[in-house]
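Below is one structure; the comments refer to it alone.
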Amino acid sequence: MELALVGEDSAVPYEQAIQTTVALEGDGACIARARHIAAGFLMRVQAEHGLPVSQRAVDLTQLVVSELVTNARKYAPGPVLLDLRIVGDAVEVVVWDGDPVLPVARAADAGRVGQHGLEIVMAVAQGFEAQREPVGKRITARIALLDDPGGAITSRRPL
């Protein structure tokens, strides 16, 4: 896992330069690994780049990663790619899988057991997009890094 920084000569804007991409394979343990990778990425963004990240942003990012990777592992054959990147004042969670069928949020049903993942992601994300790719699909969710200055991890110091 690498934190990639794109130089000034690149066509990629600076805010997209902070990113990491990981291939996830295997059983359900890859979901927990993906959550851990997401939290670690945001901690490094804060420590190495000085960007404020609220605890809520870390929690929501882990939730979104968990839901999207779970869906990809459950419904798509083959590996899953997880891409995390900073774009402006948000983190984008991008999950690619090999199934070209785009997900559809189901109507709310409090009595339904399970299958609420996409509803959850769409409720907590600032933005959501699903795109077909030449092979498979790419799901992108955007989460604000800072929603409450008092809740920023950087502001938590021992009293």
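The values are calculated or read from the model by the stated rules, or taken from the named source; none is laboratory data. Everything numeric in this text was worked out from a predicted model, so none of it was measured. Cβ sites come from the backbone with ideal geometry, for glycine too, and all protein chains shown count toward neighbours. Just so you know, the surface numbers come from the protein's heavy atoms only, side chains and all, with ligands and any DNA or RNA stripped out. Shrake-Rupley method; radii C 1.70, N 1.55, O 1.52, S 1.80 Å.
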Exclusive hit being modelled with pLDDT under 95, closer than 18 Å to Gln19 by Cβ and not polar (S, T, N, Q), set Glu92, Glu48
Glu48
Give the residue, chosen from Glu119, Glu48, Glu129, that is within 13 Å of the chain's Cα centre (by Cα) and either crowded, with 16+ Cβ neighbours inside 10 Å or not polar (S, T, N, Q) (or both).
Glu129
Return only the number of the condition from (1) closer than 17 Å to Thr21 by Cβ; (2) in a strand (DSSP E or B) that Ala130 does not satisfy.
(1)
Could you tell me whether any residue of region 68-83 is touching a Ser or Thr at 6+ places or on another chain (Cβ under 9 Å), within 15 Å of Arg138 (Cβ to Cβ) and open to solvent by less than 40 Å² (accessible area, probe 1.4 Å)?
yes
Residue check: is Ala57 at negative phi, of a type outside the set (Lys, Arg) and open to solvent by less than 50 Å² (accessible area, probe 1.4 Å)?
yes
